[in-house]
Structures are given as C-alpha cells and as structure tokens.
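Right, one structure below, let's go through it.
The values are calculated or read from the model by the stated rules, or taken from the named source; none is laboratory data. Treat the numbers as computed from the prediction; the structure is a model and nothing was measured. Positions of Cβ are backbone-derived with ideal geometry, glycine not excepted, and every protein chain shown enters the neighbour counts. Heavy atoms of the whole protein, side chains included, go into the accessibility calculation; ligands, DNA and RNA do not. Shrake-Rupley method; radii C 1.70, N 1.55, O 1.52, S 1.80 Å.
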Amino acid sequence: MLKETFFKIYQKLIFGEAKSPRESFLQDVRVDSFTDRNDTPAEKARKILGQLTLEEKIDFIGGYEWFAVRAVPRLGLDAMWMADASSGIRGVGESTVFPCLVSMAASWNRDLIHRSAAVMAEECRAKGISNLLAPGVNIARVPTCGRNFEYMGEDPYLASEMACSYITGLQENGIVATIKHFAANNSDYDRNKTGSDLDDRTLREIYLPAFEAAVKKAKVLSVMSSYNPVNGVSASENRRLLTDILKNEWGFGGFVVSDWLSCYDAEKPFNAGLDLEMPNAKYMNRKNLMRLMDKGRITVADLDDKVLRILTSFFAVGAYERPIADANAAENGPAHQKAAYDAAAEGIVLLKNDNKALPLDLSQQQMTILVTGSRAKDTETGGGGSSRPVAYRKVSLKDALTERVGQSGKVIYKSSPSAAQMKKADAVVLCVGFSYCTEGEFHDRPWKLSAKDRKLILKAAASQARTIVVLNTGGAVETEEWSGKVPAIVDAFYPGDPSGNVIADVLLGKINPSGKLPFTFGKKWDDYSSVSNYVDKPEKFGLLRITGPAGNRTLRRLKKPFVYEEGIFVGYRHFDTAGIDPAFAFGHGLSYTNFEISGLKLSGGKMKKDGSIEVSVTVRNTGNVDGSEVVQLYISDTESSLPRPAKELKAFEKVFLKAGESGTVKMILTEESLRFYNPSKQGWCVEPGEFTVSVGNSSRNIAETAVFTYGM
Ligand code: GLC
C-alpha cells in the first residue's frame, strides 16, 4: 500500500499539469522579417543564427519552464513547447489517450500507427505543443522493465518499422518527434545509477536499429539521450553514441536533447554532442560555458551547430511560422476517440481460446457473466510515470460488459466470489494485472501477477469451465501456474481511453482480435537469457532509489552495471536458438477465424550484391468471420562466421480478409535483411551463402520455408 500511495502522490506531484503553452511570447516582430519563406529550414536557421548574440545562443541550448525551448521575441521566435509522450499529450489538460505503445506495436499495422500519431499531432497543435517526446523504442530485454509498456517489444525490426510510422505520422503533421531513450535503457530499476554494459555487435544489432531507422528512414528531428551510462559513460556525455555514431556515421541532422536532469557536467555533454539540456540550463549555462570558451575548452562553432540543429528542426515542421496554438485543430472529439479505439482494437492479442470459450455470444443464449479480478472495476488505461496522460474517461471492464449485455443476460461483479457463485455463472471473466503505481517509470515490476489474482484464477478454473483471463498489463508475466487450467486468455495491455469498452467488444465478438505479441511470454523466469545478469527482486523499491539525484556519479559508481552477457540472443532470438519452448511465442496471436498461409514463392533463387528478392504467399480466411492476419517473414543464415540467431524477423504485412476470401501478400528482402554486424570489421556484412526464408503467423508457427543464396 505504501508504494501505491507513494506513486499516487508522486504521479500528481512530478507529472502533474505542465504550463499551458497557448499564450505567445511574440509582440509585433515576425520571424519572416529575418528569413525568406522560400528558404530551406537550414537557411532560415542560419539567418536567425546570424542575428543571435553569444548570450542568446547559450541561453537557447538550455531548457525553459521545464518543457520548452526558450523564445527570442526580438527575432520573432516563440517558445517551442514539448510534452510527453507516446500514448498522447500529458500535462496540458485532458487529451485522447491511445493504448500504451507496446499495444500499438502489437497491432503490427504501420498505417494504424501512422494514423494514431497524426491524431496526436493534431492535439499537440491544438494545445500549442511543437515537440512530442515520443516514441520510446528501447528493447524489452527483461520482461519486468517498468517501462516496457511504453516501448515496442523485443525485436529491432518490428520496433524500427513501428517507430518510423509513428515519427512520420507526427512530423508530417507539424510536430517534432523525439525518439528515446538513446541508448540501452532496458530497465528502470535504479535507473539513475545502473549502467548498461554491452559489446558492439549487441549494441548495433539489437539496441540501436530502431534509432538508426528513425534517423535514416524517417528523418527523425530529435533524439533523447537516456539516464543510464552505456559502457560506463553517461549517455548524455557519450561522444561515441551522440557524435561518432548518431551524427557522423548516421548523418543525424536534428538535435540531441537530454533526458530530464540527466546531465552532470557542462563541458562533457557539450563536447560529446548534446545539443539541448533539459529541463533547464543547470550546467550548460552562461557562467559555465563562457568560462570554458575563455579557456578554449569549447568552441563557438560547436555552440552554433547546436543552435542550428534546434532551429532547423522546428523550422522543418513549420512551428516557428504558425500561431503557437492552432485554433482549427481538434483537441479531442469523436474522430480522435475512434482513432484510439481502432488502435486499441488491433492491439489486443488473443493468446488462447480452447473449446470456443470466446467470443461470449449473447445472441445464442441468455448468459450470466461473473466478472472479478483486481482490474475488473478499475481497468487500467496506461502505465505510470511521464507517459501517463489524463484520460478523458476510463470505463471499467465490469461497467462496459454491464452496459453491453443489458437485457440479453446478466453481469455480476464480485471482488471475492465464492466457488459456488463462479460455478453457477455461465462464464467467469477475470481482469487481472497491474496499475500505474505498480507498472511504470522509475522502477521495474514483479514477474508474477499478484498472489490474490493468481489465487482467484485458480479458484475460477476449478469452479467454472468457461473461465476467461484478461491481462491488463504492459508486458510478459508468469502464466505457467494457471494458463493450462483456463480455456481462454486475452492480453489487453493498457488500452488507453477505450479501456473497458474495447476489451468488452473483443470478449463479446464485436471485434475479431488481430494483435500479435511483440515480445515472448517465457514459461519460467530463468528461461529468459537476460535475467542471469539482472536483479532477483525487480520490484524492489527504495525511496532513495526513486528520488535519488539522477546525477550523483559517486552513487552511480557504487552500482554494478547490467552486463548484457546474452549478447544478441534476446527474446525469441534466445528461445528459438536454445530450443526453449515459450508459454506464448513472439508474433503469436489467435483470431475468431482461421487463416491458411500457402504458396510461398521467391522471385528468384539467388540474390546478387545490391539485389533483392520478392517473397509472396497466399493467405486464405478459411473461417466464417472476417478478420486480419499478420504474415511474418523470418530469415536464417545457414552458415556464418559468427553465431547468428535461429531466425530473425525481417518483413511482415498485415492483411484483412473477409470470411472465405484469399489474398496475396508480397514482401521484399534486400541485403540489409541479411546483414549482421562484425565487430572485427567494425561494420555490417553479408556473407555469401545459403539463407532460409520462413513465413508464418508467429515465430513458432511457420507455414512454409524456402531457400535462396546470396552472392554465389
Ligand atoms: C522523464 C522520462 C522521459 C520524459 C522526460 C520528460 O524522466 O525519462 O521519457 O520524456 O523525463 O518528462
């Protein structure tokens, strides 16, 4: 209880309302008195830079009012306001709350993510926000990371594709996207002090790809450095990450912003490539930077580069040349609620459905449904911390089912039902999981559901054949103790505003679930490769640990880092290569209909250098319900000079098919699909030889395979 109470207060205190940025700082000076409308964003930035004094440049690279880039009214530059985060705008009044990001990743639907981000962009413009601090893309290395719910799962390719769709959805609609947290922020246990130590190949193949794709494909305009040290060097002053890789190797032209209070020095982040210190200029300020400049330790040229990056990014989305708040943009409304509902509907994963336990078909019979479980009356919309917007409304699963069942049945809610009551019902629905106090930023969470929830599930399973478990969680949990005893399990994640409504619509069959797991449910904790070098009680909570100063390096040095000994073998890359059966596999998700994947064809048996191969399959909906299937394509390298995973996801397409309908799905493989990182060559390479293509609807349910050669 102490922890829940603490986090209820903490969430309000730390993540309460931000300053409403609607009012402008501008008087009568307009920015286009100094720039030409036809200039490129970089040309406009350069012209403004030429007008700035040294003091104004220094002030410009330190945050203002906790969430803004400061205004320069004499040049017609308004303040550029930021807001969190991946599921909608937090802290500037109420906003449409989308499902947690891992649930959006579970949709495997690029267009849906793009549409969702476009809606969030409109709400940003309505509220005067020019930069959404999203998406979070850190890989789910351990299942209990407190922030897995606001990231995109365990696979670099899925995270890359989803991140690029999200970023373009924001930036095409006038909002700077900030991809985060760069890099290797894979646990929030003691995040202020615990580092991530990993080898180059692991960094490149697993933890950087989503950032690299964001920079090279989606042209993301902002990257946020993480709290954790990476190989002993704090991310905000890690020159290898921020300059050598991000800016020089990948050609990143936007700005690097620090996570809040994650700077510990003036010179180091400045020279490492940090461009903007948030939430304020605690270190990179006039006093420190002028002194360093006088000593020749930092240069005006580097200062100019930082200012140019920030200016260019906001010019690139038109933020400096439009009113700070867009009077024509909608802050919410039915269209936005529908967008959140659609995202939630496609992000729910049907994990198990034996004996047609689902859907609960009220058209066939009057049904008494007994609803229970820790989240039945308080169905959670999202995890805790900075990513938690205030939901316009929150409908519990209990209320949503009651409203929908109406006269065609009966819904009984019991917090502690008796066995007899559960036996008497026609079905028992248990909604179980965590709350924003037990799953969220600042700490990791338990691997198991609460003892109370687990006991209730076992009791229901012993009393009622039609027991349905709904997981209201942000990632994998232990299921082995009870999953074999119940006929149906639904992973509903944190569905945002749609909350109980969308879950009820899945249970009652109005929605045919089409989500696929973006991470692996292991049977046992020790089945995960990464937990050997983690902590034994992830949920262990210490006030100092939470509130301790982010930048106390002495404290940091006392903490041993997480050493990523498992290397690239994370998630299904480990389970499949080690031959360990998961409880539920990466890419797994059932439907109320069935699909058949067949007719795998390659456009050729050989891929030449710089070449590509088109892979096509036929998908047929063999059931009597319309639905969507996700065709997943994995590659395996038959022989390689370095160990490679048994399979790696390299393409996917989601297809909607009416009952009985067939369709052809085409996907393209290129050299990039086949590459691996070779540290001895300090680069990516593709070795000539044989590769296998495996196509199916889950990493463990492969329909067909084919072989081709590269470079032979
Ligand atoms: C938080 C989070 C980051 C967020 C920022 C601003 O501590 O780590 O994701 O965007 O600070 O709230």
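Some observations on this one:
- Residues VAL686, VAL317, ordered by accessible area of protein heavy atoms at a 1.4 angstrom probe radius and largest first, appear as VAL686, VAL317.
- For VAL535, the accessible area of its heavy atoms, probed at 1.4 Å with every protein chain present, is near 30 square angstrom.
- Average projected area [Cα convex hull, the chain], square nanometres: 30.4 nm²
- Neighbourhood net charge (11 Å Cβ-Cβ; Lys/Arg +1, Asp/Glu -1) for ALA345: -1
- In the context of the full set of protein chains, the chain has a per residue accessible area of 35 Å² (1.4 Å probe).
- FRET E, pair ALA462, TRP684, Förster distance 56 Å, beta-carbon r, rounded to 0.05: 0.55
- If R0 is 30 Å, the Cβ-Cβ spacing of LYS606 and LYS510 corresponds to a FRET efficiency of close to 0.05.
- Total formal charge among the other residues, if their Cβ is under 11 angstrom from that of ILE369, Lys/Arg +1 and Asp/Glu -1: +3
- At full extension, SER532 and ASP36 could sit 172.7 nm farther apart than now, given 0.36 nm per residue minus the alpha carbon distance.
- In the complete set of protein chains, residue-level accessible area for SER483 is approximately 20 Å², probe 1.4 angstrom.
- Chymotrypsin sites (Phe, Trp or Tyr not before Pro) within the range 173-211: DSSP coil, no more than 10 neighbouring Cβ in 10 Å: none
- Filter on LYS47/LYS282; LYS12/LYS516; LYS414/LYS455; LYS216/LYS650 - keep pairs with C-alpha separation over 22 Å: LYS47/LYS282; LYS12/LYS516
- Point-charge dipole on Cβ atoms (K/R +1, D/E -1) for the chain, about Cα centre, debye to 20: 1460 debye
- Probe 1.4 Å - accessible area at SER591, Å² to nearest ten: 30 Å²
- Potential extension, ASP581-ARG201 segment - 0.36 nm per residue separation minus Cα distance: 134.2 nm
- Residues ARG22 and MET1, FRET efficiency given R0 of 45 Å [Cβ-Cβ distance, rounded to 0.05]: 0.70
- Using a simple spin-label model with pseudo-atoms 7 Å out from Cα toward Cβ, ILE9 and GLU403 lie 3.4 nm apart.
- The trypsin sites (Lys or Arg not before Pro) of the range 286-382 that DSSP puts in a loop, and whose beta carbon has at most 12 other beta carbons within 10 Å, are LYS295.
- Local electrostatic count, ASN328, Cβ distance below 10 Å [Lys/Arg +1, Asp/Glu -1]: -1
- Label point at ASP294 placed 7 Å out along Cα→Cβ; residues across the range 265-283 whose backbone nitrogen lies under 19 Å: 266-268, 283
- Solvent-accessible area assigned to carbon and sulfur over the range 370-456 amounts to 52 percent, based on a 1.4 Å probe.
- Among TRP525, TRP447, the sequence by solvent-accessible area, most first, with a 1.4 Å probe is TRP525, TRP447.
- Sequence-distant residues sharing a close amide H with VAL429 (under 5 Å, placed H): LEU370, VAL371, THR372, ILE468
- Kyte-Doolittle at least 0.5, axis length at least 15 Å by Cα - qualifying DSSP helices, the chain: 300-316
- When the helices of the chain are scored as -39500 (n - 2.57) per DSSP H run of n ≥ 4 and the total is divided over every residue, the value at 222 nm lands at -7500 deg cm²/dmol.
- Residue ranking by accessible heavy-atom surface, 1.4 Å probe, largest first, among TYR151, TYR534 comes out as TYR534, TYR151.
- Violating pairs (Cα-Cα greater than 20 angstrom) within the set LYS398/LYS424; LYS356/LYS377; LYS485/LYS524; LYS601/LYS658: LYS356/LYS377; LYS601/LYS658
- With each label modelled as a point 7 angstrom along the Cα→C-beta vector, the LYS658-ARG239 pair spans 6.4 nm.
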